[in-house]
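Participant: One structure follows; several queries about it will come next.
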Amino acid sequence: MKQTVLTVKENRALAKSVYIMTLGGDTGANKPGQFVEIKLDGLYLRRPISVCDCENGYLTIIYKVVGSGTEQMTGLKEGDRLDVLTCLGNGYDLAAAGDRPLLIGGGVGVPPMYLLAKELIKQGKEVSVILGFNTRDEVFFEDEFASLGCSVTVTTADGSYGVRGFVTDALPDNASYFYACGPKPMLRALSERTDIPGEFSLEERMGCGFGACMGCSVMTKSGAKRVCKDGPVFKKEELIW
Amino acid sequence: MVNTKVSLLGITLDNPVIPASGTFGYGYEFAELYDINALGTFSFKGTTREPRFGNPTPRIAECTAGMINAVGLQNPGVEKVISEELPKLRKVFHKPVMANVSGFSVEDYACTAALLDKEEQVGWIEINVSCPNVHGGGMSFGTEPKAAAEVTTAVKKVTTKPIILKLSPNVTDITAIAKACEDAGADGISLINTLLGMRIDLKTRKPVIANTMGGFSGPAVFPVALRMVYQTARAVKIPVIGMGGVTSAEDVLEMMMAGAKAVEVGAANLIDPFASKKIVENLPRAMEKYGIKDLNEL
């Protein structure tokens, strides 16, 4: 973990209710699957957001407007300075990927898959990505993943774009390992429908974000774990659904 | 040079700043960030006789100038605290630590306190009779003078170290509870634990917290806490530790002016992991600013 002050470089709408923000400064070396916590004026708790990309002093996050914190974030302008805790959580286990890793993101579960895909491609892996959304207006980052060299499948629940249905309707049968981040029903369905090993990134309402308050605990097969510190990434076999 | 040293029940603290139970784990998370020996001491995570997972999530809610938590005393149980947590704590913290104990019956409190009393590093035992997040648990002991006194008597009987009763603000007259604890043999009083509160999500029309209600803390509660510390310090002869919304060195001084001998820092640690360290560092400057040479003159 690192406490730092970052400057907003860019903050713009990316899809329906979804924004992309780039922050510059001493970001720390965030690993795929880690998250940051942003202090916002007038709000007490920091807001946890997953890291989409992190390189050369730039940190990119993608967030969906769901409440007062993310609503306020949409108003941040270039040059605004933010108190941020970075490099939080355990991150994905890249060593487990095998030759043909499958990355599955649902909605704002998509962003952390980007840095993961980038790192796995660097390692010479054959990376497939499934991006799941509700509808066409919400789709983002299809081209960005393709530019990295991933094979990309987009699903929409209403069939307005890509494959009709959920991410589970587009699962390939030759993946070596999977990494998934998204809403709980999606993760549960993946846990039931996949027979390859993999790992899930969980989301919980957090107090501190660094393991002190026990606000975000989840019961696992190996006992109580803190999503913020012991997670957010957990192996498939560890989780109880 | 100013003197930040204070004495708390026979043990000298380098400064009166004490991270509060439930906001500092067993210390080692924070020791990765800074040398926690800079602190006066800290009160470790509330420990019970049996392991507890605590309440369902969400356990946390945002509030204006504060937060609600309903963790529900998640801890590995006293045996594992002694065998696993305290050895890790010992490696990073070399001062007497405050053990925080919770229970669901008088016997629970006595049993857990007796076990922790034997631990060499434990300097004080803080008895939490005020957790708002456990059904039929802590708070019922802290809202009845007679029940608080019973816990005090039972713990005092099986311990050798100073015991500090941590009180709930969710009562009509906190001084009556404090006096009952003092009469039953408490060595000190700490207050306030969190205020019972709740939030409703406008979209779902349901409580934000899975457990419906939780404990409200943060800077918003500071004036309430200060008032209760003031009242309690005048009602009892034993030392009072003040806490509730403390965020700065100035807040520490204000608490001590209200009658606190030492000051716990809670929610602030969760928002800024360096909060307690910063308060310790800023304390001499704040003392100089207000012409305080020695905290013991307050």
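The values are calculated or read from the model by the stated rules, or taken from the named source; none is laboratory data. Only a predicted model underlies this, so the values are computations on that prediction, with no experimental measurement involved. Neighbour counts run over all protein chains shown; Cβ positions are idealised from the backbone, glycine included. Accessible surface areas use protein heavy atoms only, side chains included; no ligands, DNA or RNA. Shrake-Rupley method; radii C 1.70, N 1.55, O 1.52, S 1.80 Å.
Participant: When residues of segment B:17-51 are filtered for being in contact with a Lys or Arg (Cβ under 6 Å, 6 or more places away or on another chain), open to solvent by less than 10 Å² (accessible area, probe 1.4 Å) and within 12 Å of chain A (Cβ to nearest Cβ), how many remain?
Facilitator: The number of residues fulfilling the criteria is 1.
Participant: A follow-up question, please. Taking the options A:ILE121, A:ILE130, name whichever one is surrounded by fewer than 21 Cβ atoms within 10 Å (Cβ to Cβ), within 18 Å of the chain's Cα centre (by Cα) and touching a residue at least 24 places away in the same chain (Cβ under 8 Å).
Facilitator: A:ILE121
Participant: Of all residues in segment A:38-61, how many are of a type in the set (Lys, Arg) and surrounded by fewer than 20 Cβ atoms within 10 Å (Cβ to Cβ)?
Facilitator: Result for segment A:38-61: 1.
Participant: Run down B:GLU144, B:GLU150, B:GLU126, B:GLU120 and say which single residue is open to solvent by less than 30 Å² (accessible area, probe 1.4 Å) and among the acidic types (Asp, Glu).
Facilitator: Of the residues listed, the single one that is open to solvent by less than 30 Å² (accessible area, probe 1.4 Å) and among the acidic types (Asp, Glu) is B:GLU126.
Participant: Inside segment A:8-30, can you point out the residues that are part of a loop (DSSP other than H, G, I, E, B) and of a type in the set (S, T, N, Q)?
Facilitator: A:SER17, A:THR27, A:ASN30, listed by residue number.
Participant: Being open to solvent by 30 Å² or more (accessible area, probe 1.4 Å) and either within 14 Å of chain A (Cβ to nearest Cβ) or of a type outside the set (Asp, Glu) (or both): is that true of B:PRO284 here? Show your work before the answer.
Facilitator: On the way: open to solvent by 30 Å² or more (accessible area, probe 1.4 Å): yes; either within 14 Å of chain A (Cβ to nearest Cβ) or of a type outside the set (Asp, Glu) (or both): yes.
Yes: the conditions hold for B:PRO284.
Participant: Counting only residues that are more than 15 Å from B:VAL6 (Cβ to Cβ) and either modelled with pLDDT under 95 or open to solvent by less than 60 Å² (accessible area, probe 1.4 Å) (or both), how many does segment B:287-298 have?
Facilitator: 1
Participant: Right, next: Go through segment B:52-89 and give me each residue that's more than 8 Å from every other protein chain (Cβ to nearest Cβ) and surrounded by fewer than 16 Cβ atoms within 10 Å (Cβ to Cβ).
Facilitator: B:PRO56, B:GLY77, B:GLU79, B:LYS80, B:SER83, B:GLU84, B:PRO87, B:LYS88
Participant: A further question on this structure: Which condition does A:GLY33 not pass, out of (1) over 27 Å from A:ASN134 (Cα atoms); (2) more than 13 Å from chain B (Cβ to nearest Cβ); (3) in a loop (DSSP other than H, G, I, E, B), if it passes all the others?
Facilitator: (1)
Participant: Sort out which residues of segment B:186-205 are assigned to a strand (DSSP E or B), more than 18 Å from B:MET67 (Cβ to Cβ) and out of contact with any Ser or Thr (no Cβ under 9 Å at 6 or more places or on another chain), and write them in order of number. Lay out the reasoning, then the answer.
Facilitator: If we filter segment B:186-205 for residues that are assigned to a strand (DSSP E or B), which is where we start, we get B:188-191, B:195-197, B:200-201.
Keeping just the survivors that are more than 18 Å from B:MET67 (Cβ to Cβ) gives B:188-191.
Matches in segment B:186-205: B:GLY188 only.
Participant: How about segment A:211-241: which of its residues are within 11 Å of another protein chain (Cβ to nearest Cβ) and under 17 Å from A:TYR92 (Cα atoms)?
Facilitator: Filtering segment A:211-241 down to residues within 11 Å of another protein chain (Cβ to nearest Cβ) leaves A:211-220, A:223-229.
Correct list: A:LYS225, A:ARG226, A:VAL227, A:CYS228, A:LYS229.
Participant: Related question: Looking at this structure, is A:SER201 within 14 Å of another protein chain (Cβ to nearest Cβ), among the polar types (S, T, N, Q) and surrounded by 16 or more Cβ atoms within 10 Å (Cβ to Cβ)? Show your work before the answer.
Facilitator: Working: within 14 Å of another protein chain (Cβ to nearest Cβ): no; among the polar types (S, T, N, Q): yes; surrounded by 16 or more Cβ atoms within 10 Å (Cβ to Cβ): yes.
No: the conditions fail for A:SER201.
Participant: Let me ask something else. Output the residue which, of all residues in segment B:272-281 that are surrounded by fewer than 24 Cβ atoms within 10 Å (Cβ to Cβ) and away from chain A (no Cβ under 14 Å), is farthest from B:GLU29 (Cα to Cα).
Facilitator: Among those residues, the one meeting the criterion is B:GLU281.
Participant: Kindly indicate whether A:ALA95 is open to solvent by 40 Å² or more (accessible area, probe 1.4 Å) and of a type in the set (A, V, I, L, M, F, W, C).
Facilitator: Yes, satisfied.
Participant: Looking only at segment A:219-241, how many residues end up being in contact with a Phe, Trp or Tyr (Cβ under 8 Å, 6 or more places away or on another chain), under 20 Å from B:ALA70 (Cβ atoms) and in a strand (DSSP E or B)?
Facilitator: Within segment A:219-241, residues that are in contact with a Phe, Trp or Tyr (Cβ under 8 Å, 6 or more places away or on another chain), under 20 Å from B:ALA70 (Cβ atoms) and in a strand (DSSP E or B) number 3.
Participant: Identify all residues within segment B:174-185 that are open to solvent by 10 Å² or more (accessible area, probe 1.4 Å), in a helix (DSSP H, G or I) and of a type in the set (A, V, I, L, M, F, W, C); write none if there are none. Quick ask: steps written out before the conclusion?
Facilitator: First pass over segment B:174-185, keeping only residues open to solvent by 10 Å² or more (accessible area, probe 1.4 Å): B:175-176, B:179-180, B:182-185.
Still in the list and also in a helix (DSSP H, G or I): B:175-176, B:179-180, B:182-183.
B:ALA176, B:ALA180, listed by residue number.
Participant: In addition: Taking segment B:90-107 on its own, how many of its residues are surrounded by fewer than 20 Cβ atoms within 10 Å (Cβ to Cβ) and either touching a residue at least 40 places away in the same chain (Cβ under 8 Å) or within 30 Å of B:ILE209 (Cβ to Cβ) (or both)?
Facilitator: Of all residues in segment B:90-107, those surrounded by fewer than 20 Cβ atoms within 10 Å (Cβ to Cβ) come to B:90-92, B:94-96, B:104-107.
Now drop any that are not either touching a residue at least 40 places away in the same chain (Cβ under 8 Å) or within 30 Å of B:ILE209 (Cβ to Cβ) (or both), which leaves B:91-92, B:94-96, B:104-107.
Qualifying residue count for the region: 9.
Participant: Does A:VAL5 satisfy the condition of being assigned to a strand (DSSP E or B) and open to solvent by 60 Å² or more (accessible area, probe 1.4 Å)?
Facilitator: Yes.
Participant: Just for segment A:62-81: of the residues that are farther than 19 Å from B:ILE200 by Cα and open to solvent by 50 Å² or more (accessible area, probe 1.4 Å), which one is nearest to the other protein chains (Cβ to nearest Cβ)?
Facilitator: Applying the filter and picking the extreme gives A:GLN72.
Participant: Among the residues of segment B:252-271, which ones are open to solvent by less than 30 Å² (accessible area, probe 1.4 Å) and either in contact with a Pro (Cβ under 9 Å, 6 or more places away or on another chain) or among the acidic types (Asp, Glu) (or both)?
Facilitator: B:VAL252, B:MET255, B:MET256, B:ALA260, B:ALA262, B:VAL263, B:GLU264, B:VAL265, B:GLY266, B:ALA267, B:ALA268, B:ASN269
Participant: Checking A:VAL110 against (1) more than 26 Å from A:ALA15 (Cβ to Cβ); (2) crowded, with 24+ Cβ neighbours inside 10 Å; (3) more than 14 Å from chain B (Cβ to nearest Cβ), which single condition isn't satisfied?
Facilitator: (1)
Participant: Moving on to the next point. Which numbered condition trips up B:SER248, out of (1) over 20 Å from the mean Cα position of the chain (by Cα); (2) in contact (Cβ under 8 Å) with a residue 24 or more places away in the chain?
Facilitator: B:SER248 satisfies all of (1) over 20 Å from the mean Cα position of the chain (by Cα); (2) in contact (Cβ under 8 Å) with a residue 24 or more places away in the chain except (1).
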